[in-house]
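Only one structure is covered here, and it is reproduced in the block below.
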Amino acid sequence: MYDSTMSITIRPAAPADIPLILCFVRELAEYEHEPNAVVATEELISAALFDEGHVAHALIASLDDKPAGFALYFFNFSTWLGRPGLYLEDLYVTPAARRAGVGRALLTQLAQIAVKKNCGRMEWAVLDWNEPAIRFYRALGARALDEWTVYRLEGKILRDVATSGAPST
């Protein structure tokens, strides 16, 4: 249970956090009703976050020195703005730490990173059924981009398009 005297800390992830990050990813997948969709391994996450030329970054949140959540993000680029953007891939707060300010603290830290890196915007996706998250984001002042639809190529179709320009029939 949350107590207003609890302290929130946010720090960059370290290699020792890889098992915790993967645990949080699995918990998030469970929350999003996709528990079997996670194929990431500690090795893959470690390479993405810490190898030379790494493509992603992560923050770890703690509530009274206990792991409470994480944010995983990367930088993209807006040709219209002519500036980078920060894309939040995952934001997860443990059930025990929800409503304690952990999510707000993570988003505040991400916004500070985006401003420091001269990003023109910060974006993320949220499942349309996740009303608690939608209310939270709206309360922060975020707006939904309802006119945009996300498309995805993955797995075999991605490989087919990469080799032949079209999916195999």
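The values are calculated or read from the model by the stated rules, or taken from the named source; none is laboratory data. Since the model is a prediction, treat every value here as computed from it, not as a measurement. Note: ideal-geometry Cβ built from the backbone for every residue, glycine included; neighbour counts use all protein chains shown.
Of all residues in the stretch 45-76, those that are of a type outside the set (A, V, I, L, M) and in a helix (DSSP H, G or I) total 2. Quick one: is Glu154 out of contact with any Pro (no Cβ under 9 Å at 6 or more places or on another chain) and under 20 Å from Asp90 (Cβ atoms)? Judged against the criteria, Glu154 is a match. Sub-7 Å Cβ pairs linking a first residue in the stretch 36-56 that is charged (D, E, K, R) and at pLDDT 95 or above to a second residue that is exposed (fewer than 15 other Cβ atoms within 10 Å of the Cβ) and not in a loop (DSSP other than H, G, I, E, B), at least 6 apart or interchain, are Glu42/Pro19, ordered by first then second residue.
Residues in the stretch 2-43 that are surrounded by fewer than 14 Cβ atoms within 10 Å (Cβ to Cβ), part of a loop (DSSP other than H, G, I, E, B) and among the small types (Gly, Ala, Ser): Ser4, Ser7, Ala14, Ala37. Restricted to helices (runs of 4 or more DSSP H) entirely inside the stretch 77-169, those with at least 2 residues that are surrounded by 14 or more Cβ atoms within 10 Å (Cβ to Cβ) and either aliphatic (A, V, I, L, M) or within 17 Å of the chain's Cα centre (by Cα) (or both) are 102-116, 131-140. In the set Ala100, Ala96, Ala111, only one residue is under 23 Å from Ala48 (Cβ atoms) and small (Gly, Ala, Ser); that residue is Ala111. Please go through the stretch 133-169 and give me each residue that is among the acidic types (Asp, Glu) and farther than 21 Å from Leu28 by Cα, ordered by number. Within the stretch 133-169, Asp146, Glu147, Asp160 qualify.
Checking Arg121, Arg104, Arg98, Arg152 one by one, the residue that is basic (Lys, Arg) and more than 19 Å from Phe74 (Cα to Cα) is Arg98 and no other.
For the stretch 33-58, a tally of residues being in contact with a Leu (Cβ under 6 Å, 6 or more places away or on another chain) and closer than 24 Å to Asn130 by Cα returns 1.
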